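Remarks on the structure that follows.
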Amino acid sequence: MLKRLFALSDQGSKDLNKGIAATTLSNICLIIPSSLLIMVIWELLNVISGESSGISEYIPVFCIMTVVLFIIVFCTQWLQYNKTYTVAYEESANRRIVLAEKLRRLPLSFFGQKNLSDLTTTIMGDCTALERVFSNALPQLFGTIFMFIITAIGLLVMDWRLGLCIVIPVPVAALVVFAARKAQAKAESANMDAKRAAYDGVQEYLDTIQELKSCSREEEYLAELEKKLDSHFFRAGRSALVNLKKISRVTKKEIYLQDGSIIPLPRGAYEKVNRAIINMD
């Protein structure tokens, strides 16, 4: 089901299962250091209550266990990263290659019938979203579920009251998540519409830039395009929109981008661009 839902390849589906298993193992191993801390506190309480003469004989054992746990946690975290993020990037790269190859084989009439901004959103935005889901959301979701089941069973075996303390809040949390899904879907839909409008505006500007310059309407069109873009973009002069995330430094007269480009900064815009960088989401 996950393979069809997220358009995964056969290898990607297998890697997802491995990522879920690695995340579950990593989450369980993160609980073990807390158990060691509880053991130390328990021994200290025994010393305070007089049930034990001291914990000096346990110090070497605790030190060895700490080192062993550190190695275990490090290995499981390394395994989780390689089984989730690394394979997710490879799967995303393969997905983009397959899409590009598919587009290459399509006739030119297809591009005349379809909106180019939708194609750009699919290749760039949707693939990036699937990459994040595949690398982070899904493994963490299923890993947390499996860890919860294992932890709940362990607590119920030890003490049914402790088990109930962790089980009872789950239905309440499920109701809250279910109630928030509608609002989340509405927000995601609005976000996608805004992205498509921005892609469409940029694509239209690139297609008609010569006509806009010949008619001296470039400044007017950029003003309309700026309204479609989010707070990460800044209007620098009459014919430049700058991505604030790509700025390396700003002087009184120029904006230096990370790729080495230099954009002249109009008089009086120095404070505005700095304020925009500070207020950027």
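Bear in mind these aren't lab numbers, they're just calculated from the coordinates by the rules spelled out. Quick caveat: nothing in here was measured; it's all calculated off a predicted structure. FYI the Cβ positions are ideal-geometry reconstructions off the backbone, even for glycines, and counts take in every protein chain you see.
Can you list residues from other chains, or at least 5 along the same chain, whose modelled amide H is less than 5 Å from the amide H of residue 255?
Close amide H contacts, sequence-distant or interchain: 263, 265.
Given 76, 130, 99, which one lies farthest toward the positive end of the charge dipole of the range 70-142, if we put +1 on the Cβ of every Lys and Arg and -1 on the Cβ of every Asp and Glu?
Projecting each Cα onto the dipole axis, the largest value belongs to 99.
How high is the relative contact order of the range 2-159, in percent, with contacts defined as C-alpha pairs under 8 Å that are six or more residues apart?
Across the range 2-159, relative contact order equals 40 percent.
Give me the extension gain from residue 85 to residue 261: residue separation times 0.36 nm, minus the current Cα-Cα distance, reported in nm with one decimal.
Stretched fully, the residue 85-residue 261 segment lengthens by 60.2 nm.
If you look at just the Cα atoms of the range 92-181, how large are its Rg and its Dmax in Å?
Just the Cα atoms of the range 92-181 yield Rg and Dmax of 22.1, 68 Å.
Suppose each label sits 7 Å from its Cα in the direction of the beta carbon; what would the residue 184-residue 69 distance come out to in nanometres?
3.2
May I ask you to list the trypsin sites (Lys or Arg not before Pro) in the range 93-188 that are in a DSSP loop and have at most 13 other Cβ atoms within 10 Å of their Cβ?
Passing both the DSSP loop test and the Cβ count: 114.
For the range 25-145, with equal point scatterers placed on the C-alpha atoms only and solvent neglected, what are the log10 I(q)/I(0) values from the Debye formula at q = 0.11, 0.21 1/Å, to two decimals?
Here log10 of I(q) over I(0) equals -0.61, -1.12.
Note the full-extension length gain between residue 156 and residue 176 as 0.36 nm times their separation in residues minus their Cα-Cα distance, in nm to one decimal.
4.7 nm
Test of understanding: what is the full-extension gain from residue 31 to residue 58, defined as 0.36 nm times their sequence separation minus their Cα-Cα distance?
7.6 nm
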